[in-house]
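Let me begin by presenting the structure, written as structure tokens, before commenting on it.
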Ligand code: IPE
Ligand code: IPE
Ligand code: MG
């Protein structure tokens, strides 16, 4: 059985504070350019914003934070920038994991990790293992991640695991194979940097997420800016296909909401 309610198969439980926030951290390069600094200086500053964002999530009781660190299309950048980003990723993992661990944060990395150096892959695995027992916040870093890659790898695994179901596969057969099957779908999606696009982030999982765009560049996205996004989220009416009038009615006894309630637990 699925661990979490699907926004399309069930009507998930909602809450004033999002359980899961997914962020496209964009605008590092422009932040640096405005200051006549190399693009890398923006990425460097961006790590500080990640640190602050994790802290805000812990303080606000957000259970899942997912951040887009490197997309499957970011390999198209100049070789030098790609290599500096990889070094920054290694540095950040080495520097931050102890603190994450002390704060009860579990780190997970999603994406096609096979393209990374063996050393980086080993570092990712050991960081994940070290924090595997933590439950306070699940921090997922999407690295060499693409929404299309995720759906395709899940389809491939589904077909291999249940070939006999030919032509009869359901959403619930696919979902467990997605890279983030351990998390509920994001309630809130934030993109900094002014662009209003998904850039191949969580294509499947964002089906019913609330979207929030800000012109602030990622290094400028502080706790107050995060709180503004959370306040905007609280104003949203999440209908999941229903009418506004239906939302006032009791749905507690419906099979879907019972399933949603029982599935609201974290992967043990
Ligand atoms: C986002 O900032 C970080 C990564 C994609 C790694 P950008 O590097 O895309 O910054 P801009 O969009 O060029 O300002
Ligand atoms: C999206 O930002 C990817 C990450 C933040 C890691 P980009 O800067 O790569 O997105 P596009 O190219 O402007 O769509
Ligand atoms: Mg960008």
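FYI, it's all coordinate maths here, none of it is from the lab. Just so it is clear, the model here is predicted, and its values are computed rather than measured. Reconstructed Cβ throughout: ideal geometry from the backbone, glycine too, with neighbour counts over all protein chains shown.
Values as computed for the structure displayed
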quantity: Rough spin-label spacing in nm, given labels placed 7 Å along Cα→Cβ, for residue 181 and residue 16; calculated: 3.6
quantity: Angle in degrees between helix 223-235 and the longest Cα principal axis of the chain, rounded to the nearest 10; calculated: 20
quantity: Angle between the chain longest axis and helix 118-130 axis [Cα atoms, degrees, rounded to 10]; calculated: 50
quantity: Quotient of C-alpha Rg and 2.2 N^0.38 Å, computed over region 20-267; calculated: 1.06
quantity: Semi-axis lengths, Å, region 16-128, gyration tensor of Cα atoms, sqrt of 5 times eigenvalues; calculated: 23, 19, 13
quantity: Taking 86, 25 and counting other C-beta atoms within 10 Å, the order from fewest to most; calculated: 86, 25
quantity: Helix axis angle, 79-102 relative to the chain longest principal axis, alpha carbon, degrees; calculated: 60
quantity: Label-point gap, in nm, between residue 52 and residue 148 - each point 7 angstrom along Cα→Cβ; calculated: 3.5
quantity: Zero-based 10 Å bins, Cα pair distances in region 107-224, whole percents; calculated: 11, 33, 37, 16, 2, 0
quantity: Stretchable slack from residue 8 to residue 122, in nm (0.36 nm times residue separation minus alpha-carbon distance); calculated: 37.4 nm
quantity: Within the chain, helix-based [θ] at 222 nm, where runs of 4 or more DSSP H residues each add -39,500 (n - 2.57), nearest 500; calculated: -13000 deg cm²/dmol
